[in-house]
Amino acid sequence: MTIPADGRSRTRDDLAWAIAVGGIGIVLFAALLVFTWYFAATLLLIFTGMLLGVGLNALTNALGRHVGLPHPFRLAIVCIVLAAMLAGIAYLGGATIAEQASALSNTIKSQLVTVKAFLESHGIDTSFFDIGNASSANATPSGSETAPSASPPHAGLPGAGALASSGGAIVSQTLKLLLGTISAVGNFFIVLFLGFAFAAQPGVYHDGLLFIAPARHRSRATVIIDGISETLERWLIAQIIVMLAVGVVTWIGLAIIGIPGSFILGIQAGLLAFIPTVGAIIAGVIVVLASIASGWVAALSALILFLGVHAMESYVLTPILQRQALDIPPATLFAFQILLGVVFGIWGLALALPLVAIAKVLLDHFKSYEAPAAAA
């Protein structure tokens with residue numbers, strides 16, 4: 001049986017069209033990956049602003065269930081309350097941070113001296129403790145006590161080249177510090193601006209995303225966008241409750257133990273609770289190190305408190321509050337945290353959970369959408 005010429009021509013055209021579309025799709029996907037790789041920091045910064053907007057919108061909607069005010073007024077109330085809380089924390093914790101840092105530094109120095117004396121009494125070399133004094137030791141070597149008097153008065157002064165080199169290094173380090181500070185402050189205000197903009201007019205950006213989608217897929221895009229928004233809102237509300245609980249329990253527990261700066265330590269523990277697993281470990285290390293200034297008994301008590309708070313967060317609060325928001329196995333989440341942390345640094349580590357939540361919403365939608373077609 002022979003195929004008509006027009007049929008063979010149509011088959012070749014369909015095959016050529018499929019190859020062309022597939023090639024274009026592969027090229028566009030590769031270009032998207034390259035773009036994402038090179039501009040990952042900017043994209044994650046924008047995503048952080050979007051996440052802040054989702055959080056502000058969630059708090060605004062929660063306030064709307066109790067207060068019958070328009071959305072802009074409710075958003076203004078939420079922003080004023082949050083700004084007042086941050087200002088109060090900064091006012092109450094500023095002096096405490098400096099005092100705690102000074103006490104911790106003095107404690108570590110005294111402990112190093114004690115350890116060095118103990119090792120020397122047992123005949124162990126402790127020259128590695130004198131790294132900080134190496135430059136001064138090299139400047140005045142032993143056995144050359146008469147050298148300074150025999151040299152001219154200007155022999156110890158650096159030359160013009162050394163002065164220029166050291167001056168250039170100082171200027172370079174100062175510029176790096178200045179540019180780093182400007183970048184951090186700029187990123188902070190960018191996130192604030194994006195968050196306020198998204199929270200002020202959520203409907204505009206929601207409709208804009210739907211407008212980008214093709215008309216025949218607009219209903220599916222609506223379901224996906226609404227699902228992502230609802231999931232992130234539920235997760236953020238639950239996460240805020242977990243952070244508040246961790247901060248308050250840590251603050252009260254450290255105050256009972258008698259640790260100076262318990263208030264600010266509770267605040268940092270609550271903030272670091274935003275980062276699953278890794279944040280709790282960092283918070284525990286900071287709490288224990290800060291407690292060393294009050295003695296080993298206090299440090300041990302702080303460690304027990306940290307383990308109790310971590311158990312409360314991991315096995316009580318998170319399963320209860322996040323059950324309806326996210327259902328991601330801990331090992332899967334930790335693996336993605338490590339992956340995103342290695343690839344994108346601190347941004348990937350902090351934003352791993354919301355990114356995994358978005359991916360889960362997409363996977364759940366496509367699985368449920370393809371099931372009827374497969375059954376048929």
Estimated FRET transfer efficiency (I256, L28; beta-carbon r; R0 56 Å; 0.05): 0.40
Inter-site label distance for T11 and Y91 at 7 Å from Cα along Cβ, in nm: 8.2
Net length gained if the chain between V185 and L363 were fully extended (0.36 nm per residue, minus Cα distance): 60.4 nm
5 angstrom amide H check on Q201, placed H, neighbours 5+ away: none
Nitroxide proxy distance, nm - points 7 Å out along Cα→Cβ at V278 and E230: 3.1
Spin-label zone in region 211-227 - amide nitrogen under 15 Å from a point set 7 Å from the Cα of F35 along the C-beta vector: 212-213
Gained length - A18 relative to V81, 0.36 nm times residue gap less alpha-carbon distance: 17.0 nm
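Quick note: the coordinates plus some simple rules give every number you see, no bench work behind them. This structure is a prediction, so every number in the text was calculated from the model and none was measured. For neighbour counting, all protein chains shown are included, and Cβ atoms are generated from backbone atoms with ideal geometry for every residue, glycine included.
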